[in-house]
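One structure is given below, encoded as structure tokens.
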Amino acid sequence: MTTVIHTINELIKVIKDWKKAGHSVGLVPTMGALHTGHASLIQKSAETCDKTVVSVFVNPTQFGINEDFSKYPRTLEKDVELANTYNADIVFAPSAEEMYGNNYNKDFMTLVCPPYDLVNKLCGKTRTGHFDGVATVVTKLFNIAQPNYAFFGQKDAQQLYIIEKMVKDLNFDIKIIPCPIVREESGLAISSRNQYLSEEEKLQAVSLSKALFTIKKYFDKGIKDSKALFDTGISMLDSHAELEYLDFIDYDNFEKTDIIKGKTLVAICAKVGTTRLIDNIVLE
Ligand code: AMP
């Protein structure tokens, strides 16, 4: 049975006992509202590690002032059920006060700031401070849970890239395991934010993945020019979807690329109604 822990000290104590007994520990950081995408990470952790901790924390420091922090779905009871189904040992669900203290003020807190060149594009361009918030909370979770392995979804490709770089740069002794994007049958990437979508908007949202799959189809036919691929992708996007970016990023240096040479991330972000959605595909 999955145990729910709300305090840092209690989790540290359990982890110490596990480590003493020689168990390997897997960490799956989430913001809750768990779905089959999260489940795939939890399952992978349970297969890979002796013990699995799923953190459920809607991290205030990674939300901008006009973002959806207050309305983000909070469904702890259901989350524990899902975590239990996929054999998680612990759900760690701290409060913001537990993580940051009673009067935390971002300006007075030590932050982990990923390199500007990784942050100044894709989501980081409009979500100022977002990746500082992510890197900081993930660092705290790593220090608290002391995992041997940590599981992250390719769905948040920029986040994954930044975490992998952080682990290398700051010498965390943790193996990061990337997990593939889980999609609905329609192709729509599963996300906690999909529940904001009406039925009509959901149909419009499917066009993000359609755009990506079309780009992949033309790439596989031999088109390597990202402008031409961009145009074919855009032609698939529903007219109600408001594009924020559709960028081609070289995995070697995480820079935009005109001609696709090696492994390339194609990342899309668009607003459908008031819901901001992201998705991506890898070309290689
Ligand atoms: P979140 O709760 O949205 O912060 O996501 C927690 C973790 O689950 C992140 O590593 C995400 O990349 C991953 N994740 C979210 N949605 C999916 C999905 N559809 N497929 C695979 N991983 C996902």
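The values are calculated or read from the model by the stated rules, or taken from the named source; none is laboratory data. This one's a predicted model, so the numbers in the text were calculated from it and none came from an experiment. Glycine gets a Cβ as well: all are built from the backbone with ideal geometry, and neighbour counts include every protein chain shown.
The table that follows gives values for the structure above.
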| read-out | value |
| --- | --- |
| Among (1) within 22 Å of ASN66 (Cα to Cα); (2) touching a Ser or Thr at 6+ places or on another chain (Cβ under 7 Å) - the single one GLU98 does not satisfy | (1) |
| Tally of residues being under 23 Å from ASP247 (Cβ atoms), touching a residue at least 60 places away in the same chain (Cβ under 8 Å) and either more than 10 Å from the ligand (Cβ to nearest atom) or not aromatic (Phe, Trp, Tyr) (or both) across the range 149-182 | 11 |
| Some residue of the range 132-140 being surrounded by fewer than 13 Cβ atoms within 10 Å (Cβ to Cβ), more than 15 Å from the ligand (Cβ to nearest atom), over 20 Å from LEU41 (Cα atoms) and not assigned by TED's automatic domain parsing to the domain that holds ASP252 | no |
| Qualifying positions in the range 183-208 - within 11 Å of the ligand (Cβ to nearest atom), under 19 Å from LEU243 (Cα atoms) and part of a helix (DSSP H, G or I) | ARG193, ASN194 |
| Residue tally, condition of a type in the set (Val, Ile, Thr) and outside any helix (DSSP H, G or I), over the range 16-44 | 3 |
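Here's the yes/no breakdown for (1) in contact with a Pro (Cβ under 6 Å, 6 or more places away or on another chain); (2) modelled with pLDDT of 95 or more; (3) not in a strand (DSSP E or B):
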| residue | (1), (2), (3) |
| --- | --- |
| VAL14 | no, yes, yes |
| SER55 | yes, yes, no |
| ARG74 | no, yes, yes |
| ASP79 | no, yes, yes |
| MET99 | no, yes, yes |
| ASN102 | no, no, yes |
